[in-house]
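Below is one structure, written out as structure tokens; the observations come after it.
The values are calculated or read from the model by the stated rules, or taken from the named source; none is laboratory data. What you see is a predicted model, and the numbers here were worked out from it, not measured in a lab. With ideal geometry, Cβ positions are generated from the backbone for all residues, glycine too; neighbour counts draw on all protein chains shown.
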Amino acid sequence: MAELNSFERASLYVALHVYFNWLASGVREPPVEVLSFFESLGVKLPWITSKETAEYIKRYRAGIFRTDLNSVAREFLKDHLTALYRAAGYVSTEPADSLLAMTAFAARLAINAYLSHIQGDGSTEKLEQQLHRFIKTHLIPALEHVKPPEKIFSNAVKKLTQIIKDDAGLLAKRLSHQTSL
């Protein structure tokens, strides 16, 4: 994957959130623009969702499914994420450890970084560092533990996770290059 500029990165995280929101909603009409966006990145996502997948995505909580964390860390993950969101001025109507809250927060950070970039206010690097830490610490591990009941959606989540991992790597490389200048 080629390095994304700040607008493309914001588009990526917004598209990721919209896709998971569509999956959780169980609505029949797919977000065609989002599916086309991911197709441009080489990932063809399913256009039809099932009730089972919708329920799974809607009920997914990282605090339950992230088996890479010990039981105490899983128990307090929701509180940790809530505090992280509040510190960034973000408020979610979804549980803090849900996919919808986490993807929305990543999208918000990416949008803020883009706006900072075009306004030239000097906080772009800080926002991109926050985004990078969040996706490496919370979003990617959560996505790695998402296992929808249908194989087609499980494969789609794996592909989406790889795109986010690739972006995290490119972002880290760029941020470390900027720091060393």
Meets criteria (more than 16 Å from the chain's Cα centre (by Cα), more than 21 Å from Ile163 (Cα to Cα) and small (Gly, Ala, Ser)) for Gly89: yes
Reported set for the range 67-93 where residues are farther than 23 Å from Gln129 by Cβ and surrounded by 17 or more Cβ atoms within 10 Å (Cβ to Cβ) is Arg74, Lys78
Only residues that are touching a residue at least 40 places away in the same chain (Cβ under 8 Å) and more than 28 Å from Leu175 (Cβ to Cβ): list them for the range 59-114, please. Tyr60, Phe65, Thr67
Against the condition crowded, with 17+ Cβ neighbours inside 10 Å, among the polar types (S, T, N, Q) and outside any helix (DSSP H, G or I), how does Ser116 come out, does it pass? no
Can you name the residue in the range 38-51 that is in contact with a Phe, Trp or Tyr (Cβ under 9 Å, 6 or more places away or on another chain), touching a residue at least 24 places away in the same chain (Cβ under 8 Å) and of a type outside the set (A, V, I, L, M) and, of all such residues, is nearest to Ala113 (Cα to Cα)? Phe38
If we ask which residues in the range 40-86 are of a type in the set (D, E, K, R), over 22 Å from Gln162 (Cβ atoms) and touching a Pro at 6+ places or on another chain (Cβ under 8 Å), their number turns out to be 3
Meets criteria (more than 26 Å from His117 (Cβ to Cβ), buried (at least 20 other Cβ atoms within 10 Å of the Cβ) and hydrophobic (A, V, I, L, M, F, W, C)) for Ala24: yes
Could you name every one of the helices (runs of 4 or more DSSP H) located completely within the range 1-113 that has at least 1 residues being in contact with a His (Cβ under 6 Å, 6 or more places away or on another chain)? 6-25, 62-65
Among the residues of the range 144-153, is any in contact with a Lys or Arg (Cβ under 8 Å, 6 or more places away or on another chain) and of a type outside the set (Phe, Trp, Tyr)? yes
For the range 137-157, which residues satisfy the criterion of being assigned to a helix (DSSP H, G or I), surrounded by fewer than 19 Cβ atoms within 10 Å (Cβ to Cβ) and either charged (D, E, K, R) or free of Cβ contacts under 8 Å to residues at least 24 places away in the same chain (or both)? Thr137, Glu144, Lys151, Ser154, Asn155
Of the residues Asp166, Asp97, which is closer than 24 Å to Ser40 by Cβ, modelled with pLDDT of 95 or more and among the charged types (D, E, K, R)? Asp166
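Okay, residues lined up against (1) within 30 Å of Tyr60 (Cα to Cα); (2) not in a helix (DSSP H, G or I):
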site: Asp121; (1), (2): no, yes
site: Glu125; (1), (2): no, no
site: Gln130; (1), (2): yes, no
site: Ile135; (1), (2): yes, no
site: Lys159; (1), (2): yes, no
site: Leu170; (1), (2): yes, no
site: Lys173; (1), (2): no, no
site: Ser176; (1), (2): no, no
